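I have placed the structure first, in the form of structure tokens, so that the comments after it can refer back to it.
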């Protein structure tokens, strides 16, 4: 998939029958890799009556990045590389959970999930937009909420289709990939901050 938007995302449609066995037990099989992703992305864990925030990974990088862009107009390369590779890994895990690929998500290899965006020239970015991009993206959050509900039903339907035929219906596949593409564009705009170009309201 090639588009004019600076964030490119696609997933290869499987040319072979998907594994019925790993599809049937996908939620159980994915637990270890989901735990790893959760630890890297800085999610919040519940421990009894106490709430502990794990401020590592992507969650720890966003606020300092905003401050760096606003006050210094710099986007350190290592922050960019971390954000890009964390998003790539996250998308491989999501694609696995969405049954788009039956290969276990790699922590470093691209596999069938392709995400790319260019390293930005911070001097060319609007230095004040990082303060409000997350707010400007609210219409996308609302639409994505409903799109993800649709994707959940599509994935359930695909689960049954794969169990009986070994194949992910192409229409459902394109829809789920489209929702992921939309989600990645919004993330790159509002949180990874690699572009000032407003994301299109499109699955394609």
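The values are calculated or read from the model by the stated rules, or taken from the named source; none is laboratory data. Not measured: the values here are computed from a predicted model. Methodologically, a virtual Cβ is constructed for each residue, glycine included, from the backbone with ideal geometry; neighbour enumeration extends over all protein chains shown.
Determine which member of the set 142, 179, 113 is out of contact with any strand residue (DSSP E or B) (no Cβ under 6 Å at 6 or more places or on another chain) and closer than 20 Å to residue 86 by Cβ.
On the way: 142 fails: closer than 20 Å to residue 86 by Cβ; 113 fails: out of contact with any strand residue (DSSP E or B) (no Cβ under 6 Å at 6 or more places or on another chain).
179 is the lone residue from the list that is out of contact with any strand residue (DSSP E or B) (no Cβ under 6 Å at 6 or more places or on another chain) and closer than 20 Å to residue 86 by Cβ.
Tell me which of these residue 145 doesn't satisfy, since it passes every other one: (1) over 18 Å from residue 13 (Cβ atoms); (2) touching a residue at least 12 places away in the same chain (Cβ under 8 Å); (3) within 16 Å of the chain's Cα centre (by Cα).
(2) is the only condition that residue 145 fails.
For residue 100, are the conditions met, namely being touching a residue at least 24 places away in the same chain (Cβ under 8 Å), surrounded by 17 or more Cβ atoms within 10 Å (Cβ to Cβ), under 21 Å from residue 195 (Cβ atoms) and touching a helix residue (DSSP H, G or I) at 6+ places or on another chain (Cβ under 8 Å)? Working first, answer last.
Working: touching a residue at least 24 places away in the same chain (Cβ under 8 Å): yes; surrounded by 17 or more Cβ atoms within 10 Å (Cβ to Cβ): yes; under 21 Å from residue 195 (Cβ atoms): no; touching a helix residue (DSSP H, G or I) at 6+ places or on another chain (Cβ under 8 Å): yes.
Criteria not met by residue 100.
Looking at (1) modelled with pLDDT under 90; (2) buried (at least 18 other Cβ atoms within 10 Å of the Cβ), which is the one condition that is false for residue 87?
(1)
With the requirement that a residue be surrounded by 13 or more Cβ atoms within 10 Å (Cβ to Cβ) and either part of a loop (DSSP other than H, G, I, E, B) or over 15 Å from the mean Cα position of the chain (by Cα) (or both), what does the stretch 132-142 give you?
Of the residues in the stretch 132-142, the ones surrounded by 13 or more Cβ atoms within 10 Å (Cβ to Cβ) are 133-134, 136-137, 140.
133, 134, 136, 137, listed by residue number.
Please enumerate the residues belonging to the stretch 161-204 that are closer than 20 Å to residue 21 by Cα and surrounded by fewer than 22 Cβ atoms within 10 Å (Cβ to Cβ). Quick ask: steps written out before the conclusion?
Here is the first cut: in the stretch 161-204, the ones closer than 20 Å to residue 21 by Cα are 161-169, 173.
Within the stretch 161-204, 161, 163, 164, 165, 166, 167, 169, 173 meet the criteria.
If only one of 187, 107, 94 is part of a helix (DSSP H, G or I), in contact (Cβ under 8 Å) with a residue 12 or more places away in the chain and either closer than 21 Å to residue 28 by Cβ or in contact with a strand residue (DSSP E or B) (Cβ under 6 Å, 6 or more places away or on another chain) (or both), which one is it?
Details: 187 fails: either closer than 21 Å to residue 28 by Cβ or in contact with a strand residue (DSSP E or B) (Cβ under 6 Å, 6 or more places away or on another chain) (or both); 107 fails: part of a helix (DSSP H, G or I).
The conditions single out 94.
With 154, 158, 122 as the choices, which residue is in contact (Cβ under 8 Å) with a residue 40 or more places away in the chain, closer than 19 Å to residue 94 by Cβ and surrounded by 12 or more Cβ atoms within 10 Å (Cβ to Cβ)? Step through it out loud before you land on a result.
Working: 154 fails: in contact (Cβ under 8 Å) with a residue 40 or more places away in the chain; 122 fails: closer than 19 Å to residue 94 by Cβ.
Being in contact (Cβ under 8 Å) with a residue 40 or more places away in the chain, closer than 19 Å to residue 94 by Cβ and surrounded by 12 or more Cβ atoms within 10 Å (Cβ to Cβ) holds for just one of 154, 158, 122, which is 158.
Can you tell me which residue among 42, 48 is at positive phi, modelled with pLDDT under 90 and touching a strand residue (DSSP E or B) at 6+ places or on another chain (Cβ under 9 Å)? Please lay out each step first, then the result.
Numbers: 48 fails: touching a strand residue (DSSP E or B) at 6+ places or on another chain (Cβ under 9 Å).
Going through 42, 48 in turn, just one is at positive phi, modelled with pLDDT under 90 and touching a strand residue (DSSP E or B) at 6+ places or on another chain (Cβ under 9 Å): 42.
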